[in-house]
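The values are calculated or read from the model by the stated rules, or taken from the named source; none is laboratory data. Computed from a prediction, not measured in an experiment: that's the story for all the values here. Cβ sites come from the backbone with ideal geometry, for glycine too, and all protein chains shown count toward neighbours.
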């Protein structure tokens, strides 16, 4: 009964919040640099929006499905979800007008609220599945876990955006519920592999996440047929992705192009900043000359997907070489960025919508210059400290039972995975999935606090 009441109340409040946010921010914001930004559709979302519009037009033109949209640049599924929604809704993503800086104008209204509501509904479905699995083992833990996931602001803020996170979280929770089944069925293993593959299609950060799960299965299941079925499910998804890309580009590839240049875009500049200004400038210019020479020598056409892949692989190779030449600086930067990312940011979407966005500026939001940000940093640190402290208590509580060891290892490996693969960019957004795994530790931590409180009272 408690579960149903919590579930229904939060479900209703989520839809009301979604309606409030869409009504408030479905508009263009004033820009100080002469560029036009839609409050909802900017940054990564704008990329999804452009791609979704291409896909919708390609569908209307009866193009082959493998030729829909553009290159596999970032996340595979998010723009396709948006495109599919607007095909079904029979709504345009843009108006016939242009913005002051001569860009297509995002259409207001056009049923955005329904897409957000579908995201929320999917999340609640995933929560329900997790609850069903958890309550078999421990009803109180099930109730606390789903409650924290339903109300925790770091997670929930993304349900009200068109970013890839909300659906990614839902898929991760469904994946966790499948793992918690502790079934030895080959079908279950296959399903888990398929979900991991879809998880990767939703957000490329999950590219190697199959490894922590595989380690857990080796420790817990110890059955070759089960692990083989799991890997088959994953391979099926990756094969589909590779073939889709091959039909369009003549190149079989499964990693997004952006992932190949991200090291140069985000990590290399930070390494260079550790050196003096003149040396940093010279080395950066040398990189640019080197890349330009590669383009000329290999007759690279940046509008060709095949050539773009070739060029991005070269950029990736040279970036890795430079990182290996500067191991100490690289480790320091990754450590520092990861520590910054570990501080939860429940204000991310709020800042994204409310404040001006400048892609060309290192300070992406005016928010980071504001007094409000300085105040919120203190709140974030305090909030994160409380969360981690309770999780630590839960960790020690779980350690008391040796039967939990394998599952503890899985949870820790999952947290370490997202910390390592997402933390180096310094954005807490990429570490938000950790809250899903930490919620288990948090739940046991709450029980431990309750137990100690009752002991003191007695």
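Kindly evaluate residue 326 against the criterion of being over 27 Å from the mean Cα position of the chain (by Cα), modelled with pLDDT under 90 and exposed (fewer than 15 other Cβ atoms within 10 Å of the Cβ).
When the stated conditions are applied, residue 326 does not pass them.
Could you check, for region 268-282, whether at least one of its residues is free of Cβ contacts under 8 Å to residues at least 24 places away in the same chain, loosely packed, with under 13 Cβ neighbours inside 10 Å and closer than 30 Å to residue 250 by Cβ?
No - not one qualifying residue is present in region 268-282.
Would you be able to say whether some residue in region 390-400 is under 24 Å from the mean Cα position of the chain (by Cα) and in contact (Cβ under 8 Å) with a residue 12 or more places away in the chain?
yes
From the list 163, 175, 234, 149, exactly one residue is closer than 30 Å to residue 40 by Cα and free of Cβ contacts under 8 Å to residues at least 60 places away in the same chain. Which is it?
Just a single option satisfies the conditions, and that option is 175.
Select from region 208-231 the residues that are part of a helix (DSSP H, G or I) and crowded, with 16+ Cβ neighbours inside 10 Å and list them in ascending order.
Scanning region 208-231 gives 210, 212, 213, 214, 216, 217, 220, 226, 227, 229, 230, 231.
Go through region 62-88 and give me each residue that's in contact with a helix residue (DSSP H, G or I) (Cβ under 7 Å, 6 or more places away or on another chain), free of Cβ contacts under 8 Å to residues at least 60 places away in the same chain and in a helix (DSSP H, G or I).
79, 80, 83, 85, 86, 87 - these are the residues of region 62-88 that are in contact with a helix residue (DSSP H, G or I) (Cβ under 7 Å, 6 or more places away or on another chain), free of Cβ contacts under 8 Å to residues at least 60 places away in the same chain and in a helix (DSSP H, G or I).
Select, from 192, 146, the only residue that is touching a helix residue (DSSP H, G or I) at 6+ places or on another chain (Cβ under 8 Å), crowded, with 23+ Cβ neighbours inside 10 Å, modelled with pLDDT under 95 and part of a helix (DSSP H, G or I).
Numbers: 192 fails: modelled with pLDDT under 95.
Answer to the check: 146.
Between a residue in region 424-435 that is over 17 Å from residue 169 (Cα atoms) and any residue that is surrounded by fewer than 22 Cβ atoms within 10 Å (Cβ to Cβ), which pairs come within a Cβ distance under 6 Å, given they are 6 or more apart or on different chains?
424/334; 424/337; 425/266; 426/337; 426/340
With the checklist (1) assigned to a helix (DSSP H, G or I); (2) surrounded by 17 or more Cβ atoms within 10 Å (Cβ to Cβ) in hand, flag the one item residue 373 doesn't pass.
Of everything listed in (1) assigned to a helix (DSSP H, G or I); (2) surrounded by 17 or more Cβ atoms within 10 Å (Cβ to Cβ), residue 373 misses just condition (2).
Of the conditions (1) more than 30 Å from residue 387 (Cβ to Cβ); (2) crowded, with 18+ Cβ neighbours inside 10 Å; (3) in contact (Cβ under 8 Å) with a residue 24 or more places away in the chain, residue 100 fails just one. Which one is it?
Among (1) more than 30 Å from residue 387 (Cβ to Cβ); (2) crowded, with 18+ Cβ neighbours inside 10 Å; (3) in contact (Cβ under 8 Å) with a residue 24 or more places away in the chain, residue 100 violates only (2).
Being at negative phi, touching a residue at least 12 places away in the same chain (Cβ under 8 Å) and in contact with a helix residue (DSSP H, G or I) (Cβ under 8 Å, 6 or more places away or on another chain) narrows it down to one residue among 132, 111; which is it?
Checking each option against the conditions leaves just 132.
Consider residue 342 carefully, then state whether it is surrounded by fewer than 20 Cβ atoms within 10 Å (Cβ to Cβ) and closer than 19 Å to residue 443 by Cβ.
For residue 342, the condition - surrounded by fewer than 20 Cβ atoms within 10 Å (Cβ to Cβ) and closer than 19 Å to residue 443 by Cβ - is not met.
For region 283-327, how many residues meet the condition of being within 27 Å of residue 251 (Cβ to Cβ) and either in contact (Cβ under 8 Å) with a residue 60 or more places away in the chain or not in a helix (DSSP H, G or I) (or both)?
Matching residues across region 283-327 total 11.
For region 271-282, state whether one or more residues are within 28 Å of the chain's Cα centre (by Cα) and assigned to a helix (DSSP H, G or I).
Scanning region 271-282, I find at least one residue that is within 28 Å of the chain's Cα centre (by Cα) and assigned to a helix (DSSP H, G or I), so the answer is yes.
Name the single residue, out of those in region 339-360 being out of contact with any helix residue (DSSP H, G or I) (no Cβ under 7 Å at 6 or more places or on another chain) and more than 14 Å from residue 21 (Cβ to Cβ), that is modelled with the lowest pLDDT.
Among those that are out of contact with any helix residue (DSSP H, G or I) (no Cβ under 7 Å at 6 or more places or on another chain) and more than 14 Å from residue 21 (Cβ to Cβ), it is 360.
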